[in-house]
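Down below is the structure, laid out as structure tokens.
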């Protein structure tokens with residue numbers, strides 16, 4: 001995030017004015033980087049259990065067993081700065097989960113990435129939901145930019161995985177659309193109290209990818225080529241595509 | 001929107017304090033309801049050509065050939081209130097375009113609704129984009145709620161059109177997802193300077209609906225039934241579904 005001066009450690013001499021106030025005791029002392037990470041981790045946990053607007057800096061301080069002034073020493077911009085730092089941390093973690101496993105057919109690889117995605121969604125729950133839903137009081141052009149970065153990373157990763165160097169507008173639209181479907185499905189899943197089994201949702205999303213690619217292939221030779229390549233790699237495991245064909249057979 | 005006292009006409013006596021200031025002249029006088037509608041129409045036009053944060057109340061007053069105090073008399077909450085009133089008007093207009101024509105096959109009917117949707121998007125351009133993108137300074141929980149109302153109306157309308165009384169979670173997820181794809185596609189279309197022909201995008205979205213329904217039908221008997229019904233109604237026009245099947249054939 002912003003390059004702000006950070007204290008060298010919790011024990012760094014506080015400004016003179018603070019020294020005049022009685023020292024609060026009973027708080028754990030931590031090295032600077034560790035404290036920063038702890039505050040962010042605690043904040044992420046709180047943001048996961050309730051909407052960001054219902055989390056105060058006092059809540060974060062209390063859960064971190066730290067004083068409010070200490071939290072402010074690390075995040076002078078207050079809750080908004082802490083929120084953005086936490087969001088950046090979560091975004092980096094999510095992006096790292098986009099790494100595709102080397103083994104498996106394309107649909108197995110996609111399934112593995114989706115499992116990682118849903119684990120992330122489950123972990124961040126309310127925070128994830130508030131962030132993507134918009135209209136949150138902590139939402140700014142900066143937080144939207146962080147979310148857009150994640151979407152762009154997902155787009156790049158998917159295209160690379162499909163072996164595409166230069167995606168035309170139709171293939172890009174397909175992948176972007178599918179990412180939007182993944183987001184929407186994960187929000188619905190949270191909304192409905194996680195009643196749909198994750199494994200079913202994951203398989204549904206893999207099938208959606210195949211189906212949406214097929215619909216795009218009708219309009220775009222590049223997508224047709226990519227889809228043919230993916231189905232060939234699926235080999236005998238392409239029976240889900242076969243079943244899609246059967247469903248499309250008029251009665 | 002909120003029930004605020006509105007003046008009976010532009011000529012309504014202003015509060016005593018305002019009477020002390022010199023009267024500005026040269027502005028057109030309009031009846032109250034007409035003036036209110038004119039201010040909203042002017043605001044919508046301005047919001048369409050640039051992001052809401054770059055539109056000031058002075059701009060609105062100037063374009064409406066009205067004084068700034070007059071705009072404030074109608075919208076005491078300032079730009080935010082005017083923005084929300086304009087958004088509500090636009091939302092109502094968009095929702096009215098979801099009406100499905102009586103004639104035609106299901107895909108022709110869907111095409112007609114999508115044409116109306118894209119005409120709306122083209123008309124509102126920057127305002128539409130800023131609104132759906134999130135992180136705008138004029139975005140609040142209230143504006144998000146208006147957008148959600150439109151999405152819910154689109155969901156209801158689509159389900160009714162499909163002849164569904166009680167949609168299960170999977171069919172609901174399908175329709176919601178497709179609506180998200182429509183939104184995303186329209187934003188991409190604006191982003192890329194409207195280079196993709198609307199007719200192609202519309203056909204792509206109709207095909208996406210069929211394909212996404214097919215993928216959902218693999219997981220859900222209700223969707224399978226709805227899809228079979230739609231394809232049967234398409235009759236000899238279901239050749240796009242046939243082509244989808246061919247694309248899914250492994251090479």
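In the range B:217-227, what residues are within 10 Å of chain A (Cβ to nearest Cβ) and more than 11 Å from residue B:164 (Cβ to Cβ)? Scanning the range B:217-227 gives B:217, B:218, B:219, B:220, B:224, B:227. Here B:157, B:176, B:88 are screened, and the one residue that is part of a helix (DSSP H, G or I) and within 14 Å of chain A (Cβ to nearest Cβ) is B:176.
Only one entry in B:67, B:107 is touching a residue at least 40 places away in the same chain (Cβ under 8 Å) and over 21 Å from residue B:41 (Cα atoms), namely B:107.
If the condition is being within 7 Å of chain B (Cβ to nearest Cβ) and in a helix (DSSP H, G or I), then the range A:189-202 contributes only A:200.
Against the conditions (1) more than 7 Å from chain B (Cβ to nearest Cβ); (2) buried (at least 23 other Cβ atoms within 10 Å of the Cβ); (3) farther than 18 Å from residue B:205 by Cα, residue A:186 satisfies every one except (2).
Summed over the range A:228-239, residues that are facing chain B (nearest Cβ under 7 Å) and either assigned to a helix (DSSP H, G or I) or closer than 16 Å to residue B:209 by Cβ (or both) total 3. Of the listed requirements (1) more than 13 Å from every other protein chain (Cβ to nearest Cβ); (2) within 23 Å of residue A:225 (Cα to Cα); (3) touching a residue at least 12 places away in the same chain (Cβ under 8 Å), residue A:150 misses just one: (2).
Of all residues in the range B:96-143, those that are within 14 Å of another protein chain (Cβ to nearest Cβ) and either outside any helix (DSSP H, G or I) or within 30 Å of residue A:53 (Cβ to Cβ) (or both) total 16.
Taken over the range B:53-85, residues that are in a helix (DSSP H, G or I) and either more than 16 Å from the chain's Cα centre (by Cα) or surrounded by fewer than 17 Cβ atoms within 10 Å (Cβ to Cβ) (or both) amount to 21. Set side by side, the residues A:243, A:250 differ, and just one is facing another protein chain (nearest Cβ under 7 Å), at pLDDT below 95 and part of a helix (DSSP H, G or I), which is A:243. Among the candidates B:167, B:213, B:180, the residue that is under 25 Å from residue B:147 (Cα atoms) and buried (at least 22 other Cβ atoms within 10 Å of the Cβ) is uniquely B:213.
The values are calculated or read from the model by the stated rules, or taken from the named source; none is laboratory data. The structure displayed is predicted, hence computed values, not measured ones. Please note: Cβ atoms are built from the backbone with ideal geometry, for glycine as well, and neighbour counts cover all protein chains shown.
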